[in-house]
Amino acid sequence: MNKFVFVFIGIFIFSYGMINYYIGLRGWQALGSRIPWLSGNVYWAVFWFIALSYLVGRLGQKFLPTGITYWLTLVGAYWLAAMFYFFIILAGIDLVLLLDRGLGFIPESVKLNPRNSRLLGHMVLAAVTLILIYGTWNARHPRITHYDISIPKQAGDLRQLRVVMVSDIHLGEIIHNGRLTRLVEAVNRLNPDVVLMPGDIIDEHIGPFVEQGMINTFRQLTPRYGIYAVPGNHEYIGGHIDKALHYLNEAGIEVLLDRYSKVAESFYIIGRDDRSGRRFSGRGSRELADIMTGIDRSLPIILLDHQPSRLEEARLNGVDLQLSGHTHRGQLFPNHLITQRIYEIDWGILRKGSLQVIVSSGFGTWGPPIRVGNYPEVVDITINFEGEKHTAVSP
């Protein structure tokens, strides 16, 4: 572990601690100090237990009982979202108060009334609570997003292909087998020809994936041409990439790690290793041109790449359709303003010359099991092949 990692960890711990102290202090000033039976020691003990529960739950998975780590992780995951919105709202209020010192636009009668301070504190608490409730409901109600696209090539005997893309499931303790079962049922109702999964299927730790029988759940998928996937950054973060790939293959998912598969003698599916592979395993992704050696470029080419960040390379190498995820479209509003800056496209469809790119907001969640300002989705894509000649129509 080099010094830059230690510096990053140090900055993260300091920042996390200061943000939480700021929120805790504002909470005590607005509410806690006005509850007669609540002492400062009890308040801060409970506050720091909640604030640190996610870190303790994740770091203690090897040492603590599963039931304890599950509840610590769940409580802590909700706190991460609460912390995010508490900080935004409280910082906004304090900014207004700071501006008022110079501009004096808030009436003195309002500022000096203790009741207003208590009322504002209750309003902030209520607002964050409502956001968490809505975000939880929203994250558990995925939608079907439809795209109809055309690829100007012949695809053997196929004139049309039904593709279902599911990205960023993040299967683990929070996104459990029950959620996966409902996902499999939804995908089967769409009756796809092929199912494609561009990464982050498993959320770091592979234990729940095996222990909850998710392998057998995946085997209930019934696409005509199979299931193909690539790893995402979270398969690498857990430190067990080889085991993760093994169990995914055991579940009937063909993982394309910097290689391609020719499907039904009609089209190609290429899978790129995730960019994070080099950082976590020392194994770097191959150049796309190298991966595509031997491909018949007159046939349609579909590329799976977890992160939507190598679009120009895909275009220059003649890829017709790239499918990506990773962004979650920010997951928590207004983080989409950041993902829009980072990526050329962070959600939806983009046409870039002959290349078409579809980026999903994902099915699951990472960290907080909530979504605000976006929604989970299963992407249903109808591809029409528009070459000059067709000899048959797929049933």
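Using the Cα centre of segment 256-308 as the reference point, and only Cβ charges (+1 on K/R, -1 on D/E), how large is the resulting charge dipole? Debye, rounded to the nearest 20.
Working: 9 positive and 8 negative charges, 45 e Å.
The calculation lands at about 220 debye.
Compute the Kirkwood hydrodynamic radius of segment 3-138, taking the inverse of the mean of 1/r over all pairs of distinct Cα atoms, and give it in Å to one decimal.
Kirkwood radius, segment 3-138: 17.1 Å.
Compare the peptides 249-255, 375-381, 287-293, 271-277 by average per-residue count of other Cβ atoms within 10 angstrom and give them in order, highest first. Provide the component values of the computation, followed by the final result.
Details: 249-255: 16.6, 375-381: 21.1, 287-293: 14.0, 271-277: 23.7.
The peptides rank, most packed first, as 271-277, 375-381, 249-255, 287-293.
Pick out, in residue order, every one of the trypsin sites (Lys or Arg not before Pro) in segment 73-147 that is DSSP loop and has at most 16 other C-beta atoms within 10 Å; say none if there are none.
140
Report for segment 145-385 the percent antiparallel among DSSP-assigned beta bridges with both residues inside it, nearest 5.
Taking every DSSP beta bridge with both residues in segment 145-385, the antiparallel ones total about 35 percent.
In the chain, which helices (entire DSSP H runs) extend 18 Å or more along their own long axis, judged by Cα positions, while averaging at least -1.0 on the Kyte-Doolittle scale?
3-30, 40-59, 66-103, 114-139, 177-190
Highest GNM mean-square fluctuation, the chain, Cα pairs closer than 10 Å: which of 24, 294, 232?
294
Using Cβ contacts closer than 10 Å as the measure, can you line up 141, 306 from fewest to most? Intermediate values should be presented prior to the final figure.
Numbers: 141 10, 306 29.
Ranked by crowding around the Cβ, least crowded first: 141, 306.
Candidates (1) 81, 50, 45; (2) 63, 47, 37; (3) 60, 45, 44; which is the computed Cα extents along the principal axes in Å?
Only one listed value fits the structure, namely (1).
Around residue 352, which amide H atoms from residues at least 5 apart in sequence, or from another chain, sit under 5 Å from its own amide H, with H modelled in the peptide plane?
357
Computed over the Cα atoms of segment 288-395, what is the ratio Rg over Rh, Rh following Kirkwood?
Result: Rg/Rh = 1.04.
Assign unit charges at the C-beta atoms only (+1 for Lys and Arg, -1 for Asp and Glu), then state the dipole size of segment 114-255 relative to its Cα centre in Debye, rounded to the nearest 20.
740 debye
Please list log₁₀ I(q)/I(0) at q = 0.15 Å⁻¹ for segment 229-355, using the Debye equation with identical point scatterers on the alpha-carbon positions.
For segment 229-355, the Cα-only Debye profile gives -0.76.
For the charge dipole of the chain, defined by +1 on Lys and Arg C-beta atoms and -1 on Asp and Glu C-beta atoms about the Cα centroid, which residue among 302, 177, 147 has the Cα displaced farthest towards the positive pole?
Result: 177, furthest along the dipole toward the positive end.
Have a look at 383, 221, 289 and report the one farthest towards the positive end of the charge dipole of segment 145-385, computed about the Cα centre with Cβ charges (Lys/Arg +1, Asp/Glu -1).
383
Given the -39500 (n - 2.57) contribution per DSSP H run of 4+ residues, what per-residue ellipticity at 222 nm results for the chain, rounded to the nearest 500 deg cm²/dmol?
Helix-only estimate at 222 nm: -14000 deg cm²/dmol.
What size of dipole, in debye to the nearest 20, comes out for segment 145-385 about its Cα centre when the only charges are +1 on Lys and Arg C-beta atoms and -1 on Asp and Glu C-beta atoms? Numbers along the way, then the final one.
Values: 25 positive and 29 negative charges, 72 e Å.
So the dipole magnitude of segment 145-385 works out to roughly 340 debye.
Take the Cα gyration tensor of segment 26-85, multiply each eigenvalue by 5, square-root it, and list the three semi-axes largest first, rounded to whole angstrom.
After diagonalising the Cα gyration tensor, the semi-axes are 26, 13, 8 Å.
Amide H to amide H under 5 Å from residue 150: which residues, 5+ apart in sequence or cross-chain, H placed 1.01 Å off N in plane?
Placed amide hydrogens put 384 under 5 Å from residue 150.
Need the C-alpha centroid separation for segment 186-225 versus segment 57-102, integer Å.
What the calculation gives is 31 Å, centre to centre.
If you average the sequence gap of Cα pairs under 8 Å that are 6 or more apart and divide by the length of segment 268-395, what percent do you get for the contact order?
19 percent
In whole Å and largest first, what semi-axes does the C-alpha gyration tensor of segment 146-300 yield when each eigenvalue is scaled by 5 and square-rooted?
So the equivalent ellipsoid measures 26, 21, 11 Å along its semi-axes.
Hey, got a sec? Which chymotrypsin sites (Phe, Trp or Tyr not before Pro) in segment 1-78 land in a DSSP loop and have at most 14 other Cβ atoms within 10 Å?
For chymotrypsin sites (Phe, Trp or Tyr not before Pro) across segment 1-78 that sit outside H, G, I, E and B with at most 14 neighbouring Cβ atoms in 10 Å, the list reads 37, 63.
No value in this document is a laboratory result; all are computed from the given coordinates. Computed from a predicted structure; not experimentally measured. Because the Cβ atoms are built from the backbone with ideal geometry, glycine has one as well, and the counts that use them run over all protein chains shown.
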